Amino acid sequence: MPIIKSAMNRVKTNEKANARNTAQLSEMRSAVRKFENAKTTGADNVEELFNQAVSAVDKAHSKGLIKANKAARDKSRMAARLAK
């Protein structure tokens, strides 16, 4: 544990940021998983789930949780999956 007050505050801040980032990343992965499952089962709302998943990937990239190439790669794979 840190002894210096500013270091203690950084620990609190880092824990909050970590929780927020983890939740955001989990939300993105869940959106992608929902799209994949819907496409596999042949659901009606595949287009809507695709748009939500792309939006979640873009949001994660804008927050700095994933890099630009990963965002582009994920979106490209989902678009190819949607087209099949």
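Values quoted throughout were computed directly from the atomic coordinates according to the rules given, and no laboratory measurement underlies them. Given the structure is predicted, the values throughout are model-derived calculations rather than measurements. Note that we place each Cβ from the backbone using ideal geometry, even for glycine, and neighbour counts take in every protein chain shown.
Things worth noting here:
- Residue in region 52-84 that is surrounded by the fewest Cβ atoms within 10 Å (Cβ to Cβ), counting only those that are of a type in the set (D, E, K, R) and more than 28 Å from Asn18 (Cβ to Cβ): Lys84
- Considering (1) more than 13 Å from the chain's Cα centre (by Cα); (2) of a type in the set (Ser, Thr, Tyr); (3) closer than 23 Å to Ala80 by Cβ, the lone condition that Ser55 does not fulfil carries the number (1).
- Looking only at residues of region 23-51 that are crowded, with 16+ Cβ neighbours inside 10 Å and free of Cβ contacts under 8 Å to residues at least 24 places away in the same chain, we find that the one that is farthest from Leu82 (Cα to Cα) is Lys34.
- For first residues located in region 53-76 and of a type outside the set (Phe, Trp, Tyr), partners that are not in a helix (DSSP H, G or I) and lie 6+ apart or on another chain with Cβ distances below 7 Å form the pairs Ala60/Ile66.
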